[in-house]
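For reference, the structure is listed below as structure tokens.
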Amino acid sequence: MARRYRDAAAKLQQNVQKHLQVMKEVSSSEDDEPFDQNVLDGVFQSYWRGGGDKQMLNRTKNLLEEAISGRSVTCLICIGSVKRVDAIWTCDHCYSYFHLSCIQKWSNDSISLRSEENHGPIAVFKPKKIEWCCPKCRQSYSKEEIPRKYRCFCGKTDNPPYHPWLIPHTCGEVCGKRLSIGDNCLHKCLLLCHPGPCPPCPQTVNGVCYCGKERKKVRCSSGKWSCMQQCKKLLPCKSHTCENTCHLGDCPPCNYSSLQSCQCGAEKTKRPCNDLKWQCMKKCNKMFSCGYHKCEKICHTGSCGTCPNSGIMSCPCGANQRFIQCPDSIETCLSTCGKKHDDCEHNCPAKCHKGPCPPCQVLTEKRCHCSTHTRSLPCSKEFRCETKCRGTRMCGKHGCGRKCCNGNCPPCEKICDKPLQCGRHKCTTVCHHGPCYPCPLESKVTCRCKETFVTVPCGREKHTKPPKCNLPCRIRYKCGHVDENKHTCHFGDCPPCKAICNKVYEKCGHNCTAVCHEYVLVVFKQVEKPATPWEVQPPKSKIVALDCPPCEASVTVTCFGEHETDSQPCHKARRRPCGRECGRPLACGNHFCELLCHLYQFDPDYPNVPYTCKPCNRECSVIRPAKCTHKCAKRGCHPGPCPPCDILERVPCFCGITDLYLRCRELLTATDEMLNCKQQCSRNLDCGHRCKNLCHSGPCGQNQICVKKTKIHCPCGNLKKEAPCNAIRKGDVSVKCDESCNAKKLAAKLEREKEEKRLRELEEERNRKELEEYEWKLSGKKKKYKEKKVVVNKDERNMLQKYWVPILSTLVVILAGIYYIFNV
């Protein structure tokens, strides 16, 4: 039972450790990577100078800081972290990151929902432009703009590989995007592929202020500026000038008042200069050219025109038409009006009349809007039944309920009130179809002291690592050491106290140099082995005050033999052997004590340590005289010089023929006469002849000339002659070849040619046999049985075609023989 329990517990612990390792790897991938702020400051240094759009520049810098720092970015669709190796899509308006798979599903769902709204029971509908929008900023995109590929921020590289030295999701090349959409700036971004908007254009151009009075070199992105002088542009009233400082856009309306006349000139009044055109309430009342009628227009400018009551006129129905001259007028006729009604296809049945036609009263079969009931009603009346619509609104949850609905049910007006993915809030939008938008609220993730925080989307607090706070920790240590333990804000327990104890030891008087141990967390484990699994107790921890550890102050201690001095901790300071030999000279005067380090005299603190050196028991080690290989006669080690050696030594003479016997001490003073055997030297000279001098030292041949007879030959070795050895070595005597030598050479040459001819004939015979054997194989073997049919093949080849192989072989052999004769 206990064994199975241990196995199960071990397996469980292994799984826990594996899970913790995986979580550690996942969390480590989202850790904030430290980066040097000076790097970004150096990149944007040229952009800060000379003005420019600081707001856009700060936005680009913030996005770059967020990308370099490695802080996890949250996908607002799945509320998950966007890893560095994930395929993403970036909005062109708000520059937010989304997983590529998430935004593809989001856009496809939005397109399908918009498409379903257009397919209903209505026969005629206005086509709507189907679009999808960004989940964060609601920027609209067309159906063709659904992302299909994972691209870098500048859009040049598809599926950019992850590189540890580059910003994630970048290609490492120059951005190259246009810094302005209009024609005022044609420059391109020179930064490497980066997230967010491109910084404002840093190029310098010749600019002009708003009023056009001042010109200077400015940043291309800054455009125009205010020179802070008075504008003085002429206002629309043509009487006053603009008194504001140099400004953007049109000048503000004039604030002064002046005496102004109306459009017809009948009245004058004092009015603001910013309202130049005004009308009085009087009619024009000017006579037309006919002389009978007056203009009935309200105050106006220009001519009144011709009289509207004269000219070719027609009756209201248009049946009669004639020329009318004021003051005459045309009346209605007796025919039917016949005009078509505006809202139906029927004609007006009334007599010719002035003004609009009366409502159409023709009875028609009318169908209600929901196409459920029919009824005979006048054409001008609208028919609506009392039947309530049973259809479902666009949200797909609530019914329509509207009377006589035409199928185009209105949007749902109820609140969705579904719980969002954050788990805290509910959807506050109107009831809709499909998933709710992400929670628009934000939450704060704070450090322990609540002073430093980061803003994250609501519901992402548990998956976001708290920010690193650089403020000092506010928790005080119980031991009272505050200045020595300054550290930044953190979660969990504070690190152990790093202050030095500095208490005085009673025995040695040194100060304790250990770290503060007044309040130390001690873990107590179970000592007794549990008999059953349920008796296992977890370790317990308790904060206790510990005693000072042994004194670790350095104390100088000398070894027993006083060879070296060592520094030892105070609580372990004792004299010890250093491990070297004693090294003191013995009584013989030649050797030193070889015992390990020991005391020189008795010490009561170390009674078991020897204090006397061991006597010398070696043989004499004094260096022997030259050429003496014997031991000292006294054998044992002794002071003073050794006695002379009297041992007989066998020594060869100079020539090595005879052995001489001398005492060892005489060898040092032996002369050449004593080592000479008085016989002829047995060694040879350089020429190879024997030395003629008596036994001597040194090399042979000194003061001696070899005159022994020696034979010498001619170069070919045919002739020979005897001469002294010294004359031959000097080159005074030589033998030259004569006619007999030439005859001998010629005979040898003829013999060699004869042998070559014999070998050539043998080669030709062998080639002939090979040729016959080859021809025999080509002709075929004779069969032992009688052939039933004999076919005679007539050979029509010439001699060269038949025997080209043996002819070629013979030519090769002849050429080889000729080459051999003339070159050998």
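The values are calculated or read from the model by the stated rules, or taken from the named source; none is laboratory data. Not measured: the values here are computed from a predicted model. Methodologically, a virtual Cβ is constructed for each residue, glycine included, from the backbone with ideal geometry; neighbour enumeration extends over all protein chains shown.
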* **Residue check, I807 in a helix (DSSP H, G or I), out of contact with any Cys (no Cβ under 7 Å at 6 or more places or on another chain), modelled with pLDDT of 75 or more and under 24 Å from K749 (Cα atoms)** => no
* Structure fact -> For strands (runs of 3 or more DSSP E) lying entirely in segment 170-268, having 2 or more residues that are among the hydroxyl-bearing types (S, T, Y) picks out 257-261
* Residue check for C379: in contact with a strand residue (DSSP E or B) (Cβ under 8 Å, 6 or more places away or on another chain) and surrounded by 14 or more Cβ atoms within 10 Å (Cβ to Cβ) -> yes
* Counting only residues that are out of contact with any Lys or Arg (no Cβ under 8 Å at 6 or more places or on another chain), touching a residue at least 24 places away in the same chain (Cβ under 8 Å) and of a type in the set (S, T, Y), how many does segment 667-703 have? -> 1
* Structure fact -> Every listed condition ((1) in contact with a Lys or Arg (Cβ under 8 Å, 6 or more places away or on another chain); (2) under 30 Å from A514 (Cβ atoms)) holds for A573 save (1)
* Asked: Any idea which of L471, L521, L441 is closer than 30 Å to R6 by Cα and either hydroxyl-bearing (S, T, Y) or within 45 Å of the chain's Cα centre (by Cα) (or both)?
  -> L521
* Could you check, for segment 308-329, whether at least one of its residues is closer than 30 Å to G265 by Cβ, of a type in the set (S, T, N, Q) and part of a loop (DSSP other than H, G, I, E, B)? => yes
* Asked: Does C632 fit the bill of being closer than 30 Å to L667 by Cα and touching a helix residue (DSSP H, G or I) at 6+ places or on another chain (Cβ under 6 Å)?
  -> no
* Leading residue by the ranking (farthest from the chain's Cα centre (by Cα)) among those in segment 452-468 that are farther than 19 Å from R424 by Cα and not hydrophobic (A, V, I, L, M, F, W, C) -> T452
* Asked: Quick one: is I728 closer than 30 Å to C691 by Cα, modelled with pLDDT under 85 and assigned to a helix (DSSP H, G or I)?
  -> yes
* Structure fact -> Going through (1) over 30 Å from N62 (Cα atoms); (2) at pLDDT below 85; (3) not assigned by TED's automatic domain parsing to the domain that holds F153 one by one, C251 fails only at (2)
* Asked: For segment 693-715, what are the residues that are surrounded by 14 or more Cβ atoms within 10 Å (Cβ to Cβ) and assigned to a loop (DSSP other than H, G, I, E, B)?
  -> N693, C695, H696, C700, G701, C706, C714
* Structure fact -> Exactly one of P577, P569 is in contact with a Cys (Cβ under 9 Å, 6 or more places away or on another chain), at pLDDT 85 or above and surrounded by 15 or more Cβ atoms within 10 Å (Cβ to Cβ), and that one is P577
* **Matching residues in segment 542-559 - criterion: being surrounded by 10 or more Cβ atoms within 10 Å (Cβ to Cβ) and part of a strand (DSSP E or B)** => I543, V544, S554, V555, V557, T558
* Residue match in segment 177-198 (condition: over 25 Å from I68 (Cβ atoms), in contact with a strand residue (DSSP E or B) (Cβ under 8 Å, 6 or more places away or on another chain), buried (at least 17 other Cβ atoms within 10 Å of the Cβ) and not hydrophobic (A, V, I, L, M, F, W, C)) -> no
* Qualifying residue in segment 349-356 (condition: closer than 30 Å to I312 by Cα, part of a loop (DSSP other than H, G, I, E, B), among the aliphatic types (A, V, I, L, M) and at pLDDT 85 or above) -> yes
* Asked: Quick one: is A587 surrounded by fewer than 15 Cβ atoms within 10 Å (Cβ to Cβ) and of a type in the set (G, A, S)?
  -> yes
* Asked: Which one is modelled with the highest pLDDT among residues in segment 212-247 that are within 51 Å of the chain's Cα centre (by Cα) and hydrophobic (A, V, I, L, M, F, W, C)?
  -> C246
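So that you can scan it fast, the table gives a plain yes or no per residue for (1) out of contact with any Asp or Glu (no Cβ under 6 Å at 6 or more places or on another chain); (2) surrounded by fewer than 11 Cβ atoms within 10 Å (Cβ to Cβ); (3) closer than 23 Å to C422 by Cβ:
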site	(1), (2), (3)
K465	yes, no, yes
K468	yes, no, no
L471	no, no, no
C479	no, no, no
N485	yes, no, no
A514	yes, no, no
* Sort out which residues of segment 499-509 are surrounded by 13 or more Cβ atoms within 10 Å (Cβ to Cβ), in a loop (DSSP other than H, G, I, E, B) and without any contact (Cβ under 8 Å) to a residue 24 or more places away in the chain, and write them in order of number. => A499
